[in-house]
Amino acid sequence: MLAPFLLAFALSYLMNPVVTYLEKRGAPRGLGTLVIYVGFTLAVALLFLYLVPRFLVQLERLAEILPQQVESIQSQIAGFYKRFTRVSVPEPIKGAIDNGIERAEQTLAGFVEGTLGSIPRFLPKLSLLILVPVLAFYLTMDFPELKMWLLSWIPDRWRSDIVGLMIEMDNSLGSFIRGQLLVSAVVGILIATGLSVIGVDFALLIGLIAGIFNIVPYFGPVIGAVPAVVFALLKSPLSAVYVVILFVVVNQVESSIISPKILGEHVGLHPVTVIFSIVSGGYLFGFPGVILAVPVSSIVKVTLRYIHNKLLQ
């Protein structure tokens, strides 16, 4: 029951800077909020109507051909063993490869079946999600008053410290989250378009996976490229080469052009800290931990830095 309200608050937080910018340019806050949310709702509705049916079709097709594709991969590996008889591959390694393929098949099949099976359970809750833009509209309209009301509950002796800490968190994290979501969407669109041009199956599904994993620094582009390369190999080795080139080009464009233009300065975490955060987050909390590792680490860094500065004072 609380999910629509939490989503509405998150959406309001992401959209509030745009509305505030329009308000500073002379537009009434109510009008600016209405324009932003009408445009956002129309864009989401068009994407939903265009992408979701195609996404479901590709999932159903993947569920149908998955067993045959796995058999094809196993036969290709067996042929590799026969062609390279001079290279002795130990039986434990062969068994590990076969077990890895089987586990990957089971995981992918479970994901497909779970996604398709959740649709009937999701439809009754769709009416609650329709509330999200409405709730977010009212929250954004009254966002300044809401902040002042929350501040009124903080004792005077703590207010300046808490406000300063929240401002630093917002400066470090808010723009990064908004920019990273936009960058990931652009990367997903570029990958899906490129795979469609190459002729790789399930381009929309792979583009969605690549866009989601692009949120994860360093590891994300590699993880997103794995399913694309596998499906391209089933078509031809040349297609796999094209896919690798596509991911390298998109990754270079993203790191050298898109991210600097959209994100600007990074959250300021050392690469070792980022990698440690991702590994530990995935180990402790699974996929959600991987996605949230960098934002949480950024919050921890800002908090510790603020406490350190206060102690020095």
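The values are calculated or read from the model by the stated rules, or taken from the named source; none is laboratory data. No experiment lies behind these values; they were computed from the predicted model shown. Cβ sites come from the backbone with ideal geometry, for glycine too, and all protein chains shown count toward neighbours.
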Residue hits (the stretch 22-42; surrounded by fewer than 13 Cβ atoms within 10 Å (Cβ to Cβ), part of a helix (DSSP H, G or I) and more than 26 Å from the chain's Cα centre (by Cα)) are K24, L31
Considering the stretch 140-170, residues that are of a type in the set (F, W, Y) and farther than 28 Å from L269 by Cα, and then whichever is surrounded by the fewest Cβ atoms within 10 Å (Cβ to Cβ), we arrive at W153
Checked against (1) assigned to a helix (DSSP H, G or I); (2) out of contact with any Lys or Arg (no Cβ under 7 Å at 6 or more places or on another chain); (3) at pLDDT below 85; (4) under 27 Å from E60 (Cα atoms), E254 satisfies every condition except (4)
Here the qualifying pairs (Cβ atoms under 7 Å; residues six or more apart or on different chains; first in the stretch 301-313 and surrounded by 12 or more Cβ atoms within 10 Å (Cβ to Cβ); second of a type in the set (A, V, I, L, M, F, W, C)) come out as K301/L269; V302/M169; T303/L165; Y306/L165
Residue hits (the stretch 171-189; modelled with pLDDT of 80 or more and surrounded by fewer than 17 Cβ atoms within 10 Å (Cβ to Cβ)) are L181, L182, A185, I189
Screening Y21, Y50 for residues that are among the hydroxyl-bearing types (S, T, Y) and modelled with pLDDT under 80 leaves only Y50
The number of residues in the stretch 279-305 that are within 14 Å of the chain's Cα centre (by Cα) and within 18 Å of I223 (Cβ to Cβ) is 8
What about I209, is it modelled with pLDDT of 85 or more, closer than 30 Å to P17 by Cα and either of a type in the set (V, I, T) or surrounded by fewer than 19 Cβ atoms within 10 Å (Cβ to Cβ) (or both)? no
